[in-house]
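Each remark here refers to the structure printed beneath this line.
Every read-out reported here was derived from the displayed coordinates using simple, explicitly stated rules and does not represent laboratory data. Just so it is clear, the model here is predicted, and its values are computed rather than measured. Note that each Cβ is placed from the backbone with ideal geometry, even for glycine, and that neighbours are counted across all protein chains shown.
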Amino acid sequence: MSQKKSPKIAKKVSDIPVQLESRIEQLALDAPCALPLNDADKAMLKTEIKALLKAQNAQIVAHFYVDADLQSLAEETGGVVADSLEMANFGAKSTADTIVVCGVRFMGETAKMLSPEKTVLMPDLDATCSLDLGCPADEFAAFCAEHPDYTVVVYANTSAEVKAIADWVVTSGNALQIVTHIKEQGQKIIWAPDRHLGDWIEKETGIEMLRWQGHCIVHDEFKTFELEAMKKEHPNAKVLVHPESPADVIALADVVGSTKILINAVKTMDAQAFIVATDLGIFYKMQQLAPNKKLLVAPTADKETACKSCAHCPWMAMNGLQNLASCLKNKTGEVLVDETVRLKALKSLDKMLEFSRNAGLVKK
Ligand code: 13P
Ligand code: SF4
């Protein structure tokens, strides 16, 4: 008699091979960070970009982790700076002819899949994400095929091809609500790719999922022991943690949530100091909204190991004023998605946006 695999055994099936882990690490090390510029060059490039945006009826859709100059430029020119959920929502509703996504590849692909009629550009198409890289579509499809009776839920930080396999796409801004909704329908869930986010969702919702074992190279580095020490040094500081961080770091948090939720916490909470466990690009918006509050980066190194990403995503750091100007001027970095893949992925993307709009998580 054939024995059914228990969820615990099946979880192991999704482990990421060592070679893929080292390839991801190498790509992160090799990612070319945008070059620093002096004030005069910055001013010149900003003027040029503003003119190009106007001439092309283009808008910038930027993530909270990119360089502060790009965030301010997006806001000054009628674009948006947002978490990945609101980036998708804003791009889908925009009436611009061209969307320039300052962020990472999956964000550009999502914008293109939701708005195929628009030109979607990125300053550098090689700006990727360790979660996306750690979940190759063919291997993930084989994993899902082994469990045909499961509902497939994937994080937005995945390729268009992986989204095309999914029943639902979620972000950290709606994952709890969507997984709760699926659980209430009595469905079993395959979750990919972030292991820590999956772990947190399991704890919060009480559902056990078959999980892929991907991780974010930035959030995976936050250190519990050192964070505890920092908390002792700053006893009145509140701890804000993105759920891509390890479970023992999340356990020390006062607030866990998407980048938008963490920014809102700095603005609305009574505390005067915050220890922040996420990419430090977020400090620009936090400081803008709460200029008198003290912000501390949560530790990413311990006694034995130096930090690698040091709380800054190497792929987000590829976005700069120079390559932003160049993609608009030369129409380079255009995001294209195969139409068959797009149509499959669109179903789960549309479902995510509709759910989020109805739940009041984003503007209708
Ligand atoms: P948010 O959806 O919270 O903005 O997160 C995206 C991301 O890539 C975090 O590392
Ligand atoms: Fe991906 Fe992590 Fe970078 Fe976010 S911070 S884009 S999850 S590698």
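Of the listed peptides 273-280, 347-354, what is their order by residue-averaged count of other C-beta atoms within 10 Å, with the highest listed first?
273-280, 347-354
Obtain the nm distance between the two label points defined at Ala55 and Glu117 by a simple spin-label model: each point lies 7 Å from its Cα along the Cα-to-C-beta direction.
Label at Ala55, label at Glu117, 2.5 nm between them.
Kindly work out what percent of the DSSP beta bridges joining two residues of the chain are antiparallel, to the nearest 5.
Here the share of antiparallel DSSP bridges comes out near 5 percent.
Tell me, what is the percent relative contact order of segment 186-260, built from C-alpha pairs under 8 Å that lie six or more residues apart?
Contact order relative to length: 29 percent.
Largest first, please: the extent of the C-alpha atoms of segment 1-144 along each principal axis, to the nearest Å.
71, 33, 19
Can you list, by residue number, the Cys in the chain that have no neighbouring cysteine C-beta under 4.7 Å?
Cys33, Cys102, Cys129, Cys135, Cys144, Cys216, Cys313, Cys327, each lacking another Cys Cβ under 4.7 Å.
Rank the residues Cys33, Cys313 as a footprinting-exposure proxy: fewest other Cβ atoms within 10 Å of their Cβ go first.
Going from sparsest to densest Cβ surroundings: Cys33, Cys313.
Which entries of Lys42/Lys329; Lys231/Lys308; Lys163/Lys364 have Cα-Cα distances beyond 18 Å here?
Lys231/Lys308; Lys163/Lys364
Return an integer: the convex hull volume of the alpha-carbon atoms of segment 14-95, in Å³ per residue.
Dividing the Cα hull volume of segment 14-95 by its residues yields 132 Å³.
Just order 121-134, 222-235, 83-96 by mean Cβ neighbour count inside 10 Å, highest at the front, would you?
Sorting 121-134, 222-235, 83-96 by mean packing, highest first, produces 121-134, 83-96, 222-235.
Length gain on complete extension for the stretch Glu139 to Met44, per 0.36 nm per residue less the alpha carbon to alpha carbon distance?
So the chain would gain 29.6 nm between Glu139 and Met44.
Averaging sequence separations of C-alpha pairs under 8 Å and six or more residues apart, then dividing by the length of segment 129-270, give the relative contact order as a whole percent.
The value is 21 percent.
Only Lys, Arg, Asp and Glu count, each charged at its Cβ (+1, +1, -1, -1), so figure out the dipole size of the chain about its Cα centre, rounded to 20 debye.
About 820 debye.
Taking the Cα centroid of segment 217-234 and of segment 68-109, what is the distance between the two, rounded to the nearest whole Å?
31 Å
In a shell of Cβ-Cβ distance under 13 Å around Gln187, excluding Gln187 itself, what net charge do Lys and Arg (+1) and Asp and Glu (-1) give?
-2
To make sure I understand the rule: partners must be aspartates and glutamates, Cα under 18 Å from the Cα of Lys46, and not fewer than 8 residues away in the same chain. Which ones qualify?
Hits, sequence-local ones excluded: Asp67, Asp69, Glu75, Glu76, Asp124.
When Tyr65, Tyr284, Tyr155 are ordered from fewest to most other Cβ atoms inside 10 Å of their Cβ, what list results?
Lowest count first: Tyr284, Tyr65, Tyr155.
Return the single residue from Ala68, Ala145, Ala28 with maximal mean-square fluctuation; model: Gaussian network over the chain, springs between Cα atoms under 10 Å.
Comparing Ala68, Ala145, Ala28 in a Gaussian network model of the chain, the most mobile one is Ala145.
Any idea what the relative contact order of the chain is, in percent, if you count C-alpha pairs under 8 Å spaced at least 6 apart?
Rounded, it is 23 percent for the chain.
Quick one: which residues, 5+ away or cross-chain, put their amide H under 5 Å from the amide H of Val100? H built at 1.01 Å from N.
Long-range HN contacts for Val100: Gln59, Ile60, Val61, Leu121.
Cut-off is 10 Å between beta-carbons; in what order do His219, His196 appear when sorted fewest neighbours first?
With the sparsest Cβ surroundings first, the list reads His196, His219.
Could you estimate the translational diffusion coefficient of the chain from the Stokes-Einstein equation, with Rh from the Kirkwood formula over C-alpha pairs, at 25 °C and 0.890 mPa s, in whole µm²/s?
117 µm²/s
Between Leu29 and Ala68, what's the calculated FRET efficiency when r is the beta-carbon distance and R0 is 30 Å? Round to 0.05.
Step by step, r from the Cβ atoms, then E = 0.80.
Considering the alpha-carbon set of segment 186-298 alone, what are its Rg and its Dmax in angstrom?
14.7, 47
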